[in-house]
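Colleague: My questions will all concern the structure given below.
Here, each number is a calculation from the coordinates, and none is a lab measurement. Just so we're clear, the structure is a prediction, and the values are computed from it rather than from any experiment. Ideal geometry is used to build each Cβ from the backbone, glycine not excepted, and the neighbour counts take in all protein chains shown.
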């Protein structure tokens, strides 16, 4: 709307009269260790196909998109290391890669 005022398509910006609601941030409280262990045990016992992903999330602190984008050639099980070079984000149609020059992490 500011651009419309600058190019004289509008006399004033009506949006500037609107007061924004205050931004309320809720503190994220992670689950306790016993709760995580119990959830992992339930998933493992049930044979849930997401168990490896959720275990990786719980023990590394990786984000969901980073776990989903992880590739086997970036995982060294013998050395206990993995390299995170990408992340995936969900759009309306599909998962799309999110890459940046700062996205390289090694766990």
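Colleague: Could I have the simple spin-label model distance between residue 26 and residue 12, label points 7 Å from Cα toward Cβ, reported in nm to one decimal?
Modeller: Between residue 26 and residue 12, the simple spin-label model gives 3.8 nm.
Colleague: Hey, what did the chain get for relative contact order, percent, Cα under 8 Å, at least 6 apart?
Modeller: Relative CO of the chain lands at 14 percent.
Colleague: Measure off 7 Å from each Cα along the Cα-to-Cβ vector at residue 4 and residue 37, then give the distance between these two points in nanometres to one decimal.
Modeller: 6.0
Colleague: Something else about it: How large is the Kirkwood hydrodynamic radius of the chain, in angstrom, based on all distinct alpha carbon pairs?
Modeller: 18.2
Colleague: What is the angle, in °, between the Cα long axis of helix 33-46 and the longest principal axis of the Cα atoms in the chain? Nearest 10 is fine, range 0 to 90.
Modeller: 70
Colleague: Hey, what angle do you get for helix 51-60 against the long axis of the chain, alpha-carbon based, 0 to 90 degrees rounded to 10?
Modeller: With rounding to tens, the tilt is 70 degrees.
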